[in-house]
Amino acid sequence: MERLSSLLFLLVGLFASKWIIVHTQVSIPPKLDGFAYKNRPATTDSVMIEAFFDPVCPDSRDAWPPLKLALQHYGSAVSLIVHPFALPYHDNAFVTSRALHIVNKLNSSATYDLMELFFKHQEKFYNPPTFNMSRASIVNHIVKFASEGIGNSYYSAIESGFSDRSTDLATRVSFKYGCSRGVSGTPFFFVNGFLLPDGGSAIHYEDWRSIIDPLIGMKREEPPIHFFL
Ligand SMILES: *[C@@H]1O[C@H](CO)[C@@H](O)[C@H](O)[C@H]1NC(C)=O
Ligand SMILES: *[C@@H]1O[C@H](CO)[C@@H](O)[C@H](O)[C@H]1NC(C)=O
């Protein structure tokens, strides 16, 4: 009897844990999260880099120029998807990430322009200079900043983007997607789905070359002969 009840207990436990797992799963977005660089579609024919950037993180800012240079070098052989990842200890990370989603929806070609603008004027959005600002005035400030950057005709569309719940949800999905991939800082990089070591720091141009050159070489001489795991 005792055995039976512990067996029952175990079964109930198993069911409960399965139930919990199923019900805490993030709902799957209709398309892959993130912003494709130059709207280049990510295909299995190119080397795919995924970068998790926080728009107000200095290390993300420093990681962008060498990566951009590498993308220019490889052209269509390499594709990039940037996922915004709002670090909770950066007060304006979520709101600036949301601005990227808003602008991406309005004109996807302008997303990277805005990201570069945030990187360039990042100090304005750090914690100390915005400590005494209300949430509303930070949002107003960002609406103004973003529309000056990508075109004043977007002002009211960006403004109403901040009261559109779907842009809030999209920014949450980006964050949850990062969590589900084990991202715990920025910048984090994945190449063809594999995490690069030393997450949280910028990768120099030469290092990108030494990561990607062999992959491109390997693809040319398919099938890979010396590929042991
Ligand atoms: C979208 O953004 C790109 C890049 O900033 C710009 O060249 C283009 O004119 C914009 N398109 C529209 C319709 O505003
Ligand atoms: C915030 O405002 C308070 C009261 O006006 C002031 O004493 C404080 O120095 C301000 N803090 C910052 C970081 O500006």
key: Beta bridges by DSSP in region 35-217, antiparallel share as percent, to the nearest 5   = 55
query = Count the lysine pairs in region 35-217 that are 8 or more places apart or on different chains: how many have C-alpha atoms under 18 angstrom apart?
reply = 6
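May I ask what percent, to the nearest 5, of DSSP beta bridges between residues of region 19-120 are antiparallel?
Among the beta bridges of region 19-120, antiparallel pairing accounts for roughly 20 percent.
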Average accessible surface area per residue within region 35-217, 1.4 Å rolling probe, Å² = 46
key: Projected label distance in nm at Lys105 and Lys176, using a 7 Å step from Cα toward the beta-carbon   = 1.7
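Roughly how many debye, to the nearest 20, is the charge dipole of region 33-125 about its Cα centre, given +1 on each Lys and Arg Cβ, -1 on each Asp and Glu Cβ, and no other charges?
So the magnitude is around 260 debye.
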ask   = Taking the highest mean first, how do the peptides 131-137, 198-204 order by number of other beta carbon atoms within 10 angstrom per residue?
value = 198-204, 131-137
query = Stretch Ala136-Ser76 to full length: gain in nm at 0.36 nm per residue minus the Cα-Cα span?
reply = 17.5 nm
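The values are calculated or read from the model by the stated rules, or taken from the named source; none is laboratory data. Just so we're clear, the structure is a prediction, and the values are computed from it rather than from any experiment. Cβ: placed from backbone, ideal geometry, glycine included. Neighbour counts: every protein chain shown. The area values use the complete protein model at the heavy-atom level, side chains included, leaving out ligands, DNA and RNA. Shrake-Rupley method; radii C 1.70, N 1.55, O 1.52, S 1.80 Å.
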